[in-house]
1. Test of understanding: among 22, 48, which residue is crowded, with 19+ Cβ neighbours inside 10 Å and in a strand (DSSP E or B)?
2. Which of the residues belonging to the stretch 1-19 are over 11 Å from residue 58 (Cα atoms) and either in a helix (DSSP H, G or I) or touching a helix residue (DSSP H, G or I) at 6+ places or on another chain (Cβ under 8 Å) (or both)?
3. Where residues in the stretch 54-82 are in contact with a strand residue (DSSP E or B) (Cβ under 9 Å, 6 or more places away or on another chain), more than 18 Å from residue 5 (Cα to Cα) and part of a loop (DSSP other than H, G, I, E, B), which of them is modelled with the lowest pLDDT?
4. Identify, please: which residue in the stretch 31-42 is out of contact with any helix residue (DSSP H, G or I) (no Cβ under 6 Å at 6 or more places or on another chain) and in contact (Cβ under 8 Å) with a residue 40 or more places away in the chain and is, among those, surrounded by the fewest Cβ atoms within 10 Å (Cβ to Cβ)?
């Protein structure tokens with residue numbers, strides 16, 4: 001069952017369909033929030049949206065995406081639907097994202113960027 005209802009879509013400040021525009025807009029939003037623009041490298045996106053008043057964002061894709069961040073040697077899985085609340089330097093109430101730690105996949109719920117630092121903190 002989708003977390004994105006017609007009511008949420010109707011309240012969206014921004015709503016886009018199609019992979020190219022969703023890639024562009026998701027990277028722009030991450031950059032605008034002082035987050036790395038490669039943080040959500042989903043493929044084959046169908047739609048994305050942003051409710052600016054509450055900071056709610058969603059991304060929908062055709063299939064799950066698995067990405068390996070080479071610098072930190074970690075694999076991350078993105079479900080077909082990813083939702084979160086964004087604010088400067090932070091993603092919270094994240095759904096649809098798992099990171100591999102040793103032999104287990106852990107669900108991520110929050111990602112923070114420390115100011116004046118290159119370190120990313122994630123919370124399962």
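1. Details: 22 fails: in a strand (DSSP E or B).
It is 48.
2. 6, 7, 10, 11, 19, listed by residue number.
3. If we filter the stretch 54-82 for residues that are in contact with a strand residue (DSSP E or B) (Cβ under 9 Å, 6 or more places away or on another chain), which is where we start, we get 54-69, 72, 74-82.
Filter again for more than 18 Å from residue 5 (Cα to Cα), leaving 63-69, 72, 74-78.
Checking the rest, the ones that are also part of a loop (DSSP other than H, G, I, E, B) come to 63-64, 72.
Details: 63: 95, 64: 96, 72: 81.
In this case the residue turns out to be 72.
4. Of all residues in the stretch 31-42, those out of contact with any helix residue (DSSP H, G or I) (no Cβ under 6 Å at 6 or more places or on another chain) come to 31-36, 38, 41-42.
Checking the rest, the ones that are also in contact (Cβ under 8 Å) with a residue 40 or more places away in the chain come to 33-36, 42.
Numbers: 33: 18, 34: 12, 35: 22, 36: 14, 42: 26.
Out of the qualifying residues, it is 34.
The values are calculated or read from the model by the stated rules, or taken from the named source; none is laboratory data. Since this is a predicted model, take the numbers as computed values, not measurements. Backbone-built Cβ (ideal geometry, glycine too); neighbour counts: all protein chains shown.
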